[in-house]
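Asks: Have a look at this one before I ask anything.
The values are calculated or read from the model by the stated rules, or taken from the named source; none is laboratory data. Computed from a predicted structure; not experimentally measured. Methodologically, a virtual Cβ is constructed for each residue, glycine included, from the backbone with ideal geometry; neighbour enumeration extends over all protein chains shown. For the accessible areas, the whole protein counts, side chains as well, though only heavy atoms, and no ligand, DNA or RNA atoms are used. Shrake-Rupley method; radii C 1.70, N 1.55, O 1.52, S 1.80 Å.
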Amino acid sequence: MRIQRSKYKDILGLNRRNQEYVRPYNSPSAKRLADNKIRTKKALAKEGIKTPEVYKLIRNKQQLKFLDWNSLPKSFVIKPNQGTGGNGILVFYGKKKGEDGWIRPNGTVMSVNDIILHIENILDGRFSMGNKKDIAIIEERVRTDSLLKQYSYKGVPDIRVICFNGVPIMAMTRIPTKRSDGTANLHSGAICVGIDIATGITTHAMQMNTSALLSDIYEEIEMTQDLRENKPLRGIHIPNWDNILEIALKCQRVSKLGYIGVDIALDADHGPIVFELNARPGLGIQVANKAGLRWRLEKVKDVEVESIKRGIRLAKSIFGGEVEESIEEISGRKVVNINEKILVYQKEKDKKGREKKEYARAFMDTGVLTSRISETFANRIGFLTTTRYFNNLEMPKKFDSLKDAQEYIDKHEKRLTLEDGIKRVAKIVDDGGIKIRPVIEIKVKISGEEKEIEVVILEDSEYHLVLGRGELKGYLIDTSKTFKN
Amino acid sequence: MNYSPFTDWLIQNGISKQTLELLVAITIVATIVSIFRYLFGTRSYGIYAPIILAIAYSYTGLKYGLSITLVVILISLISYSVLRKIRMHYITRIAINYCLLTIGLIAFVIVIKKYGLGLENISNVPALALISIAALSDFFIKQFVQKSLKTSMTTLVSTVVVASVGWFIITRDYISDYVINNLWIIVALIVVNLLIGQFKGLRLKDFLRFRSVVKEKDENPKK
C-alpha cells in the first residue's frame, strides 16, 4: 500500500491545481482575457496567431432581428463569447435547399427560428459563467486536416497543450465520437489520446465510462469507434508538431497566463488554429498520457526559460520518451538502446538477505551469440574466487583450432569446472585466437524484465557487459542513442 | 434545561434557543459541505442549497424530505422538457416552471392524503420547509440547461447525500445540545475550514479517477 501512495504523489489533483498553479500564476485580468473569446481573438491576432475568422458578432436582440441570414457562408459555427466547457456551441454544415433551415453535423435540420432561439439564449447568458449577459459569435467552421479527420466522427478534433512557465508540459488530442455527438467534450464521450511531447506521436487512448455515477472513470480503448473504417488510435503522428508547441507557448506569452491550456485545431487550409485559451485546464489529460502532471510541473517550476525554442527543447528532453514504450506495446517487443545501462544483481545477497545491484555499461552486439562480461566487473559482482580459480588453472593460453579446444575441454572438463560458480566452459574467438573461458550465470534486469543469463568472462573491454544474440531475442534495438558520459 | 453561562446570557438577551440552534446548524452543514467538496470531491449545488435542504429535512423528517425532493425534481424535469420547446425568455420559463411546480405539489399532497403511500403525515410538514425544498428546482434546471441532464443529476444526488449527512448530524439532540452549550465549536469550525482551505492533497474522487495512471506506473517501474 505504501508503494502505491507514493505514486499518487506524481498526480495533480484539483485542490493543488487551484492553490499552487491557477491562483498564483493566473492573474484575474489574464483569466478574464482567456474567458472572453472575442478579446482572446484580438490579442492573439496581434501576435499573428490564427483563430477562426469571425463573420458576425451579435450583441443584442436588435442586432439579431436585423441579421441577414443570406449573408452568412454555407457553413459556420455559433458560440457564446463567454461560454464554458464547450456548452452552447452549434455547428452548421450548410443551408438546406428550399427550406429555411441549416444542416447540423448529425444530419438534422435546424430551422432559422430555432437558431434564433438558441442565440437568444446565448444573449440571456444561459451558457456564460455566472449567467451574465453574453455576446453570440458566428464564426468560420474549421475544416479538419485530412489526417486527423480519418479518426473523428464528424466534428473537429482538437489538440490541448498544457504549458507552464514557458514550457509545454503535456498534450493530448480530443477526438469526437458518435457518442459525443461530434463534439470534443470528454464528458459527453469524446476520446482523449495522449501525445508524446518529444515526437508528437499519440500514446494511449481513453474514453470516459458511460454510466453516470462513474462519469469520471476512464477506460482504455485501442481503436476508433463507429467509423466506416476504424483505425488504431496509437502511433498517430500529429503533423506540424513543433509548430503547435510554438503556438501554444506564444499563446501563453500573449495571455500572461502562467498555467494555461491551449486548444488548437488543425485546419486543412490554414494549419494550426487556436480555438480557445483555458485558464483552468482540466486534469483528465493525465489519464490520456498515463502520467502525472505534478512532477512535471515541479521540474520546470524554477527553471528560467528565455525563449520559446528553449522551452520546447526542455520539454522534449525531460518529458519525451513515452513513445518507446508504446512501440513495445504495439509490436509486443521491448526496445533496448544499443548502449544501455543494465542492472546486474550481485552473486550473494547482503547480510539482511536483500539483493544488491550494480549498474553495468552494456553493449548490444548481434554479431556474437554468447554474452560476455568483463573480468573486473565479474569480480565486482562477487565472482572473484571464480576468476581467480580459473586464471590459476594450468592450461594453454590459445588453441589453433576449435577442434583442438574441444578436445581439450572433453579431456579436462571436470577440472575446469570444479569451482562452484563455473557453469561450463566455452570456446571463444578473441584477438584472432581461440580461448577457453569460464561461463557463469548472472541475474540481470533488461527493460524492466528480470532474467538469468549465461555470460563468458573475458578480459576487460570498453563495456562491462556485451549482450549477444542469445539474449536479445524478442528485443528491438534502437541505434539512435549512445551514452552521454 | 441548564445552559452554560454564556449561552444563558445570549438567551436572556434576546436570542431564542431555536435561532441559536439554526445558526449553529448552518455552520455545521457548511463545514460538512466543504469537507465533502475538498476531501471527497463531491460536487453540490453551491453551499446554499445543501444547507437549506438539510435544515428543511430537519423540519420534515428525512422520509418526507426525500420524497418531496423526488417529486420536485420529477415535476421540474417534466415541465422543463415541455417548456424548452416553446420559444421564450429564460426567466419566464423558470417562472412558469415554478407555477407548474406549485400545481404539482398541491396535487401531490392531495394524492398522498387520499392514498397514504406511507406518507400519511404530509399535512403536518411545515410550509416553509416545503418551499425550501422546492427551490432546489431552480438549481437543478440551471445545471441541466447549462451543462447536461447527466451532470445535473449527479450533482443533485451528491447535494441530497451531503444534505442528508447534514440532516443526520444536526438532528442528533446530543450534538445540538452540546454545541449550543459549547459555542467555541463555531471557532473550531472556522479553524477546520482554514485547514481544509489549505489542503492541497488529492481528493477521494481523484484517487478513483487517476487509478489507471498509477496502475500503469506499477507495470513500468522504470518511469
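Asks: List the pairs whose first member sits in region A:12-25 and is within 18 Å of B:R209 (Cβ to Cβ) and at the interface with chain B (Cβ under 7 Å from one of its Cβ atoms), whose second member is of a type outside the set (D, E, K, R) and surrounded by fewer than 19 Cβ atoms within 10 Å (Cβ to Cβ), and whose Cβ atoms are under 6 Å apart, counting only residues at least 6 apart or on separate chains?
Replies: Close Cβ pairs (under 6 Å, with a partner that is of a type outside the set (D, E, K, R) and surrounded by fewer than 19 Cβ atoms within 10 Å (Cβ to Cβ)) amount to A:N15/B:F199.
Asks: Which one is nearest to A:P232 (Cα to Cα), of the residues in region A:185-215 that are over 19 Å from the mean Cα position of the chain (by Cα) and of a type outside the set (S, T, N, Q)? I'd like the intermediate steps shown before the answer.
Replies: Filtering region A:185-215 down to residues over 19 Å from the mean Cα position of the chain (by Cα) leaves A:185, A:187-189, A:209-215.
Now narrow it down to the ones that are of a type outside the set (S, T, N, Q): A:187, A:189, A:212-214.
Numbers: A:H187: 22, A:G189: 17, A:A212: 27, A:L213: 29, A:L214: 26 Å.
Per the criteria, the residue is A:G189.
Asks: Out of all the residues in region A:172-213, which are on the phi > 0 side of the Ramachandran plot and within 14 Å of chain B (Cβ to nearest Cβ)?
Replies: Step one: list which residues in region A:172-213 are on the phi > 0 side of the Ramachandran plot, which gives A:181-182, A:189, A:200.
If the condition is that a residue be on the phi > 0 side of the Ramachandran plot and within 14 Å of chain B (Cβ to nearest Cβ), then A:D181, A:G189 are the ones that fit.
Asks: So, one more: Only one residue in A:N121, A:N131 is out of contact with any strand residue (DSSP E or B) (no Cβ under 6 Å at 6 or more places or on another chain) and surrounded by 20 or more Cβ atoms within 10 Å (Cβ to Cβ). Which one? Walk me through how you get there before you give the answer.
Replies: On the way: A:N131 fails: surrounded by 20 or more Cβ atoms within 10 Å (Cβ to Cβ).
Being out of contact with any strand residue (DSSP E or B) (no Cβ under 6 Å at 6 or more places or on another chain) and surrounded by 20 or more Cβ atoms within 10 Å (Cβ to Cβ) holds for just one of A:N121, A:N131, which is A:N121.
Asks: Which condition breaks for A:T177 when tested against (1) open to solvent by 30 Å² or more (accessible area, probe 1.4 Å); (2) more than 27 Å from A:K316 (Cα to Cα); (3) among the polar types (S, T, N, Q)?
Replies: Condition not satisfied by A:T177: (1).
Asks: Which ranges mark the strands (runs of 3 or more DSSP E) fully within region A:190-297 that have 2 or more residues being open to solvent by less than 10 Å² (accessible area, probe 1.4 Å) and not small (G, A, S)?
Replies: On the way: elements: A:191-195, A:202-208, A:218-221, A:259-267, A:271-278.
Those strands (runs of 3 or more DSSP E) span A:191-195, A:202-208, A:259-267, A:271-278.
Asks: Going through region A:38-69 one residue at a time, which ones are touching a residue at least 12 places away in the same chain (Cβ under 8 Å), part of a helix (DSSP H, G or I) and out of contact with any Leu (no Cβ under 9 Å at 6 or more places or on another chain)? Working first, answer last.
Replies: Residues of region A:38-69 touching a residue at least 12 places away in the same chain (Cβ under 8 Å): A:38, A:40-41, A:43-44, A:46-47, A:49-61, A:64, A:69.
Then keep just the ones that are part of a helix (DSSP H, G or I); that gives A:38, A:40-41, A:43-44, A:46, A:61, A:64, A:69.
The answer is A:K41, A:K46, A:W69.
Asks: Before we move on, is A:E441 closer than 21 Å to A:Y463 by Cβ, free of Cβ contacts under 8 Å to residues at least 40 places away in the same chain and touching a strand residue (DSSP E or B) at 6+ places or on another chain (Cβ under 7 Å)? Give the derivation first.
Replies: Working: closer than 21 Å to A:Y463 by Cβ: yes; free of Cβ contacts under 8 Å to residues at least 40 places away in the same chain: yes; touching a strand residue (DSSP E or B) at 6+ places or on another chain (Cβ under 7 Å): yes.
The answer is yes for A:E441.
Asks: Still on this structure, I have one more. Could you tell me which numbered condition A:M110 fails, if it satisfies all but one of (1) under 30 Å from B:K150 (Cβ atoms); (2) aliphatic (A, V, I, L, M); (3) in contact (Cβ under 8 Å) with a residue 24 or more places away in the chain; (4) out of contact with any Pro (no Cβ under 8 Å at 6 or more places or on another chain)?
Replies: Checking A:M110 against (1) under 30 Å from B:K150 (Cβ atoms); (2) aliphatic (A, V, I, L, M); (3) in contact (Cβ under 8 Å) with a residue 24 or more places away in the chain; (4) out of contact with any Pro (no Cβ under 8 Å at 6 or more places or on another chain), the one that fails is (3).
Asks: Please identify the pairs in which a residue from region A:285-310 that is more than 10 Å from every other protein chain (Cβ to nearest Cβ) has its Cβ atom under 7 Å from the Cβ atom of a residue that is modelled with pLDDT of 90 or more and open to solvent by 20 Å² or more (accessible area, probe 1.4 Å), counting only partners at least 6 apart or on another chain.
Replies: Short answer, once both residue conditions are applied: A:V300/A:N165; A:K301/A:N165; A:V303/A:N165; A:V305/A:N165; A:V305/A:G166; A:I308/A:E246; A:I308/A:K250.
Asks: Taking B:F108 and the conditions (1) more than 14 Å from chain A (Cβ to nearest Cβ); (2) open to solvent by 70 Å² or more (accessible area, probe 1.4 Å), which numbered condition does it fall short on, given that it satisfies the others?
Replies: Every condition holds for B:F108 apart from (2).
Asks: Got a sec? Which of B:L156, B:L202, B:L189 is open to solvent by less than 40 Å² (accessible area, probe 1.4 Å) and more than 14 Å from chain A (Cβ to nearest Cβ)?
Replies: Numbers: B:L156 fails: more than 14 Å from chain A (Cβ to nearest Cβ); B:L202 fails: more than 14 Å from chain A (Cβ to nearest Cβ).
It is B:L189.
Asks: Looking at region A:86-107, can you tell me whether even one residue there is surrounded by 17 or more Cβ atoms within 10 Å (Cβ to Cβ), under 16 Å from B:Y90 (Cα atoms), within 14 Å of chain B (Cβ to nearest Cβ) and free of Cβ contacts under 8 Å to residues at least 40 places away in the same chain?
Replies: Among the residues of region A:86-107, at least one is surrounded by 17 or more Cβ atoms within 10 Å (Cβ to Cβ), under 16 Å from B:Y90 (Cα atoms), within 14 Å of chain B (Cβ to nearest Cβ) and free of Cβ contacts under 8 Å to residues at least 40 places away in the same chain, which makes the answer yes.
Asks: Checking B:W184 against (1) open to solvent by less than 70 Å² (accessible area, probe 1.4 Å); (2) over 20 Å from B:S44 (Cα atoms), which single condition isn't satisfied?
Replies: Answer for B:W184: the failing condition is (1).
Asks: Taking region B:39-59, which residues are modelled with pLDDT under 90 and open to solvent by less than 50 Å² (accessible area, probe 1.4 Å)?
Replies: If the condition is that a residue be modelled with pLDDT under 90 and open to solvent by less than 50 Å² (accessible area, probe 1.4 Å), then B:G41, B:T42, B:S44, B:Y45, B:G46 are the ones that fit.
Asks: With respect to B:I96, is the statement that it is assigned to a loop (DSSP other than H, G, I, E, B), more than 16 Å from B:G65 (Cα to Cα), out of contact with any Ser or Thr (no Cβ under 6 Å at 6 or more places or on another chain) and open to solvent by 60 Å² or more (accessible area, probe 1.4 Å) true? Lay out the reasoning, then the answer.
Replies: Numbers: assigned to a loop (DSSP other than H, G, I, E, B): no; more than 16 Å from B:G65 (Cα to Cα): yes; out of contact with any Ser or Thr (no Cβ under 6 Å at 6 or more places or on another chain): yes; open to solvent by 60 Å² or more (accessible area, probe 1.4 Å): yes.
Answer is no for this residue.
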